[in-house]
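Supplied in structure tokens, the structure appears directly below.
The values are calculated or read from the model by the stated rules, or taken from the named source; none is laboratory data. Please read these numbers as outputs of a predicted model, since none were measured by experiment. Here the Cβ is made from the backbone with ideal geometry for all residues, glycine too, and neighbour counts use every protein chain on show.
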Amino acid sequence: MALNKDFKVAILAIVSIIIMVLTYQFMRGTLMHNAEPIYSSYFTNVTSLKKSDKVFLNGVQVGVIKNIDFADIKDPNKIKVDFSINPNLQIPKNSVIEIISYSLMGNKGLKINMGTGAFAKAGDLFQGLNEKGMFDGISENVGPLADQSTIMIQNVNTLFDRKQRENLYVTIGELNKTLAALQTMVNSNQHAINGTLGNVEKLTHALAVKQNDIAQIISNTKEMTSQMKNADLSKSMNKMNQSMDELNKLMADINKGKGSLGKLMKDEELYNKLTSTSKSADELLKDMKENPKRYVHFSVFGGKK
């Protein structure tokens, strides 16, 4: 007998629902963990923890949460969490199960803190540890710091006598006054400070803009110093010393009256003669300018007189 159309649609819908349920169970991890042993732990607070959340050991998922419920409705501070674990994994009985957050989205799960000794069996109960809140972590860090501060204050009280402590308090008071005055000065000169910071910012910007030029200058300077380093300075210094020796020798000869320049500098008679000759030449030139006819005679017809 042929199936009518409605019956076929109904069968297809049922099969589709079954496939969707199986897929959902697989995605949540429950289907793959049905054959795994079940263990339990008690907690006082399981906020955001839910069924099918993951169980981790050293960052690797080894199971899932199967159920969360009150162990006894009359005792709401005792919440039982059942979870499955890979049957190939052996967990010591004294291990601790801790609630953790393992992502920035706030996903919760269980973490196995492995113990030692005999291994647990299916159905055994592990010690549960609530998730540490933000303030719990801060308290753990602040507590030791507060203890250390108390010890330090006690040591200070032991180290200084009463008068020294009074002097210390006075010094601290003066320091507070100084800091207050400094703060007042900074506040009153805030505009100038802002201007200075602005100028510094402009300067750094200008340096950044001229970075290539500065790098080129530094490169040129390095090249010049390298050339100076590699130059034969000793040879140049020897030549300079030789020239200075020759100059000293020339000056010594001049002082001794040697050579034309030396005689001119040391021979008084020669000097007087040169001076007299120069004076006579000046007088001759002067007379030629004043009486040129004494020295030059000519006629328009070329005849001499």
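If a residue has to be under 21 Å from LYS66 (Cα atoms), of a type in the set (A, V, I, L, M, F, W, C) and either at pLDDT below 60 or not in a helix (DSSP H, G or I) (or both) to count, how many in region 1-32 make the cut?
4
Next question. Consider GLY259 carefully, then state whether it is surrounded by 10 or more Cβ atoms within 10 Å (Cβ to Cβ) and at pLDDT below 75.
Details: surrounded by 10 or more Cβ atoms within 10 Å (Cβ to Cβ): yes; at pLDDT below 75: yes.
Taking the combined requirement at face value, the residue satisfies it.
Oh, and also: If you check LEU233 against the conditions, is it surrounded by 10 or more Cβ atoms within 10 Å (Cβ to Cβ) and at pLDDT 70 or above? If you could, list the steps in order and put the result at the bottom.
Details: surrounded by 10 or more Cβ atoms within 10 Å (Cβ to Cβ): yes; at pLDDT 70 or above: no.
Taking the combined requirement at face value, the residue does not satisfy it.
Something else: Confirm whether GLY117 is surrounded by 14 or more Cβ atoms within 10 Å (Cβ to Cβ) and small (Gly, Ala, Ser). Explain how you work it out, then say what you get.
Working: surrounded by 14 or more Cβ atoms within 10 Å (Cβ to Cβ): no; small (Gly, Ala, Ser): yes.
Considered against the rule, which asks whether it is surrounded by 14 or more Cβ atoms within 10 Å (Cβ to Cβ) and small (Gly, Ala, Ser), GLY117 comes out as no.
Another question about this same structure. Given the structure, is LYS108 surrounded by 14 or more Cβ atoms within 10 Å (Cβ to Cβ), assigned by TED's automatic domain parsing to the domain that holds THR47 and within 13 Å of TYR42 (Cβ to Cβ)?
Details: surrounded by 14 or more Cβ atoms within 10 Å (Cβ to Cβ): yes; assigned by TED's automatic domain parsing to the domain that holds THR47: yes; within 13 Å of TYR42 (Cβ to Cβ): no.
Answer is no for this residue.
Which residue out of SER48, SER84 is within 30 Å of LEU22 (Cα to Cα) and at pLDDT below 90?
On the way: SER84 fails: at pLDDT below 90.
Exactly one of SER48, SER84 is within 30 Å of LEU22 (Cα to Cα) and at pLDDT below 90, namely SER48.
Here's a follow-up. Report, by residue number, each residue of region 61-99 that is part of a strand (DSSP E or B) and surrounded by fewer than 18 Cβ atoms within 10 Å (Cβ to Cβ).
Let us first name the residues in region 61-99 that are part of a strand (DSSP E or B), namely 61-70, 79-85, 92, 96-99.
Passing the criteria: GLN61, ASN67, ILE68, ASP69, PHE70, LYS80, ASP82, PRO92, VAL96.
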